[in-house]
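Enquirer: There's a structure below that I have some questions on.
The values are calculated or read from the model by the stated rules, or taken from the named source; none is laboratory data. Because the structure is a prediction, the values reported are computed rather than measured. Don't worry about glycine lacking a Cβ; one is built from the backbone with ideal geometry, like all the others, and counts go over all protein chains shown.
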Amino acid sequence: MAPQNLVYRAGRLSWPDGSARAAIGRGGVIAHKREGDGATPAGTYPLISAFYRADRIVPPRTGLPLRPLQPDDAWCDDPDDPDYNRLVTLPYRAHAEPMWLDDHVYDLLVVIGYNTAPAVPGAGSAIFLHIARPDFTPTAGCIAVARDVLIDLMPLLGPGSTITIRL
């Protein structure tokens, strides 16, 4: 199967055979993202890999590299750290966002390849496609969809899949 390309625009995530409601960052979609601005970066990015909570969800079928989250997994969001915008293990020497959360938003997530090759310090980190909160409240910069939507999308994603985020 050909890789699926997703498009976010005006509150919806769409793909060739469907679309669904989506939440974005509290700062809206912007062209020049900065760390901590709460915005979602405009552009087209690869979908790199996925993580899931093995204690809460069955591993989804997908063509993306898939790994179960561990309680000590985190994502470094400290622009001064050499591992900025990368997966790290807690405890960590710099600030890092824990990925093992009490709520369910990271029960399944896809890493969006924003600011990854190479990571530019301060340009933003930890941009994921993940599960939305029940009321679709804004994220810290990620794109979020309903749990069943993300689970249904996973088999459509693989090497070459992208997401385009439009202003």
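Enquirer: Which condition number does D37 fail, the rest of (1) in a strand (DSSP E or B); (2) touching a residue at least 40 places away in the same chain (Cβ under 8 Å); (3) surrounded by 15 or more Cβ atoms within 10 Å (Cβ to Cβ) being met?
Expert: D37 satisfies every listed condition except (1).
Enquirer: Looking at L13, L69, L47, can you tell me which residue is under 13 Å from I143 (Cβ atoms), out of contact with any Gly (no Cβ under 9 Å at 6 or more places or on another chain), surrounded by 14 or more Cβ atoms within 10 Å (Cβ to Cβ) and at pLDDT 95 or above? Spell out how you get there, then give the answer.
Expert: Values: L69 fails: under 13 Å from I143 (Cβ atoms); L47 fails: out of contact with any Gly (no Cβ under 9 Å at 6 or more places or on another chain).
Residue meeting the stated conditions: L13.
Enquirer: Right, next: Look at I30 and say whether it is among the β-branched types (V, I, T), modelled with pLDDT of 95 or more and crowded, with 19+ Cβ neighbours inside 10 Å.
Expert: No; evaluated as a whole, the condition is false for this residue.
Enquirer: Right, here's the next one. Return yes or no: is A20 loosely packed, with under 14 Cβ neighbours inside 10 Å, within 21 Å of L153 (Cα to Cα) and of a type outside the set (F, W, Y)?
Expert: no
Enquirer: Shifting gears a bit: Can you name the residue in the stretch 96-120 that is of a type outside the set (V, I, T), more than 16 Å from A54 (Cα to Cα) and in contact with a Lys or Arg (Cβ under 9 Å, 6 or more places away or on another chain) and is also surrounded by the fewest Cβ atoms within 10 Å (Cβ to Cβ) among such residues?
Expert: A119
Residues checked against (1) more than 16 Å from the chain's Cα centre (by Cα); (2) in a loop (DSSP other than H, G, I, E, B); (3) at positive phi:
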site	(1), (2), (3)
A119	no, yes, no
G122	yes, yes, yes
L129	no, no, no
D135	yes, yes, no
G141	no, yes, yes
A144	no, no, no
L150	no, no, no
P155	yes, no, no
I163	no, no, no
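Enquirer: Go through the stretch 40-84 residue by residue and tally those that are hydrophobic (A, V, I, L, M, F, W, C), in a loop (DSSP other than H, G, I, E, B) and in contact with a strand residue (DSSP E or B) (Cβ under 6 Å, 6 or more places away or on another chain).
Expert: The total comes to 5.
Enquirer: Would it be correct to say that L101 is under 14 Å from the mean Cα position of the chain (by Cα), modelled with pLDDT of 95 or more and assigned to a loop (DSSP other than H, G, I, E, B)?
Expert: No.
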